[in-house]
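The values are calculated or read from the model by the stated rules, or taken from the named source; none is laboratory data. What you see is a predicted model, and the numbers here were worked out from it, not measured in a lab. Because the Cβ atoms are built from the backbone with ideal geometry, glycine has one as well, and the counts that use them run over all protein chains shown.
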Amino acid sequence: MLDKSKINKATIWAALSAFIASNKDTKYFICIRDDFNENSTLGKLYLSDNLKEMFCYTLEDQMRPKGEKIHGETAIPENLTGYDVDVAKSPKFGEVVTLYTSIENGVYKLEYNGVSFDYIRVHGGNDESDTEGCPLVARYRSTERERIQGSMKNEVKDVAKNWISEGFFVKWLVINLK
């Protein structure tokens, strides 16, 4: 597990590099959330293959206190060990990256820190009204509003599919810089 006491803007890359190096059979999407607002949580997504270059921006619903959830309006909890990643079909979004901790009767479940989510899909969108409780991924981030643009859903999916086909375990780390 990544040591949260070592995570701050000055030391994050060294801590992440050491953590990733100790888990050679796993590839990571690393979501670093750094902008917490009344309605949304914004961040940047990095790949364990290249920590020096941001892959895309992320936008989620607002953070809530540990154990509290409002359906479709709550960001997934911070997780320094990482959620499991699969590529699965969604009736609404097509083939997408899906985050989970277990699969029960065909339902992808994400349970952590006292809250439970079903079908957490990584998809495109522009603001918190598009999230439905899921992380959004995009190329651009507005500097004036809590908004992202230019879906990166397919690019994220392609990376995950490639890593899975190469035999790696794939995880989605969530780190709050707050």
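Quick test of your reading of the structure: Pro135 fulfils all but one of (1) exposed (fewer than 14 other Cβ atoms within 10 Å of the Cβ); (2) touching a residue at least 40 places away in the same chain (Cβ under 8 Å). Name the failing condition by number.
(1)
Give region 76-91 a look and list any residue that's touching a residue at least 24 places away in the same chain (Cβ under 8 Å) and either of a type in the set (Lys, Arg) or touching a Pro at 6+ places or on another chain (Cβ under 8 Å) (or both), or say none.
Ile76, the sole residue that qualifies.
Condition first: touching a residue at least 40 places away in the same chain (Cβ under 8 Å), farther than 19 Å from Gly72 by Cα and not charged (D, E, K, R). Now tell me which residues in region 21-42 satisfy that.
Of everything in region 21-42, those that are touching a residue at least 40 places away in the same chain (Cβ under 8 Å), farther than 19 Å from Gly72 by Cα and not charged (D, E, K, R) turn out to be Thr26, Tyr28, Phe29, Ile30, Cys31, Ile32.
When only residues in region 74-91 that are out of contact with any Lys or Arg (no Cβ under 8 Å at 6 or more places or on another chain) and farther than 12 Å from Ile120 by Cβ count, which is surrounded by the most Cβ atoms within 10 Å (Cβ to Cβ)?
Out of the qualifying residues, it is Lys89.
Would you confirm, using the coordinates I've provided, whether Lys44 is under 12 Å from the mean Cα position of the chain (by Cα), surrounded by 13 or more Cβ atoms within 10 Å (Cβ to Cβ), modelled with pLDDT of 95 or more and basic (Lys, Arg)?
Criteria met by Lys44.
Are any residues in region 33-73 in contact with a Lys or Arg (Cβ under 8 Å, 6 or more places away or on another chain), over 13 Å from Gly133 (Cβ atoms) and charged (D, E, K, R), and if so, which ones?
Passing the criteria: Arg33, Asp34, Asp49.
Those residues that are small (Gly, Ala, Ser) and either touching a residue at least 12 places away in the same chain (Cβ under 8 Å) or assigned to a strand (DSSP E or B) (or both), I need them from region 92-111; list them, please.
Across region 92-111, the qualifying residues are Gly94, Ser102.
Condition first: of a type outside the set (Val, Ile, Thr), part of a strand (DSSP E or B), modelled with pLDDT under 95 and surrounded by fewer than 18 Cβ atoms within 10 Å (Cβ to Cβ). Can you find one or more residues in region 8-20 that meet it?
No, there is no match, as no residue in region 8-20 is of a type outside the set (Val, Ile, Thr), part of a strand (DSSP E or B), modelled with pLDDT under 95 and surrounded by fewer than 18 Cβ atoms within 10 Å (Cβ to Cβ).
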